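Here's the structure we're looking at; comments come further down.
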Amino acid sequence: MNSRIPLLLCVPAGACAVALAVTAPAAAVPAAGGDDTAMVSVFHGVPGLTADVYANGEELLGDFEPGTVTDPQPLDAGTYDIQVFEAGQGPEGTPAVEKEIKVPAGANATIAAHLSADGEPRLTAFVNDTSEVDAGKAGLTVRHVAAAPAVDVRAGGQPVFKGLENPGEETTVVDAGTVPADVVLAGTDTVAIGPAELNLEEGASTIVYAWGSADDKNLALATQTLSGMESAPNAVHAGGNGAAVGPNPSDPWPAWAAPAGVAALAGALLIRRAAGRRG
């Protein structure tokens, strides 16, 4: 599917909000370098697609594997044409999915490549909630980016979020600690994903992505942790890491990050935009 619908990352103070073709609301690392930058991560949630990701015709990430999250990196504010190709097919081929994304200065965001509820590739931008949390507390965000119906998310067997639909998200503040979590079909006890142990760190925000395809029986969880929430009122200072958990919780997929690739991408785009301003 190839669409070019403008996607705006809106950043109201201390909140998560995004406008996409559908609603949208994610990501993380040290403070951005200045007033003209944002912190951006990329999450890959399209099963079976090893991807090359391009921005404004420049390769950002190569051989990007499903279920992985990049470390957040500073990115010059501006508008980017994001294209996701099957590895080796870009930039001359037809992208699996394409969106024009406006990245505003000061944003802390994750761009997610994932499946829609009916199984079509999509790009959704999520603005991270990096609001302060009290001592002993942790932030928890769950994002439904799977080809699956509405779900309930449970922690310790108790529903935390109900009726979450693709590509929605819900955020709350909970007691820090390790809890068993699972995802069930909305209004039932039918487990779709999990259980998996979530380590909810004090003063941090854990983002959980439910991704994959129910029809293909490869639903899974991936997590991203943003630290420093106890002193980050402006949603910019956040350290992050990502990890993925496969359909079998006893066989977790390894964590993955591409700081070198994203740093090279950010540098290329900063140079490109600077040259454009000079021209």
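Just so you know, all these numbers are worked out from the coordinates, no wet-lab data involved. These numbers come from a predicted model, not from an experiment. We place every Cβ from the backbone using ideal geometry, glycine too, and count neighbours over all the protein chains shown.
Roughly speaking, what % of Cα-Cα pairs in segment 162-206 are separated by over 18 Å, rounded to a whole number?
Values: 402 of 990 pairs.
Across segment 162-206, Cα pairs with separations above 18 Å total 41 percent.
Quick one: which residues, 5+ away or cross-chain, put their amide H under 5 Å from the amide H of residue 133? H built at 1.01 Å from N.
230
In Å, the Kirkwood hydrodynamic radius of segment 109-153 over pairs of distinct alpha carbons? The partial results should precede the final answer.
Working: mean 1/r = 0.0798 Å⁻¹.
Kirkwood hydrodynamic radius for segment 109-153: 12.5 Å.
Just want the answer: with Cβ charges of +1 for Lys and Arg and -1 for Asp and Glu, which residue in 191, 109, 125 is farthest toward the dipole's positive end in segment 72-203?
Final value for the positive-end residue is 191.
Does segment 124-204 classify as rounded, prolate or oblate by the C-alpha gyration tensor (a ≥ b ≥ c root eigenvalues; a/c under 1.5 gives rounded; else a/b over b/c gives prolate, otherwise oblate)?
Details: a/c = 2.37, a/b = 1.36, b/c = 1.74.
Oblate, because a/c is 1.5 or more while a/b does not exceed b/c.
List residues of segment 69-96, by number, whose backbone nitrogen lies under 19 Å from a label position 7 Å along Cα→C-beta of residue 50.
Once the point is set 7 Å along Cα→Cβ of residue 50, 69-70, 84-96 turn out to lie under 19 Å by backbone N, inside segment 69-96.
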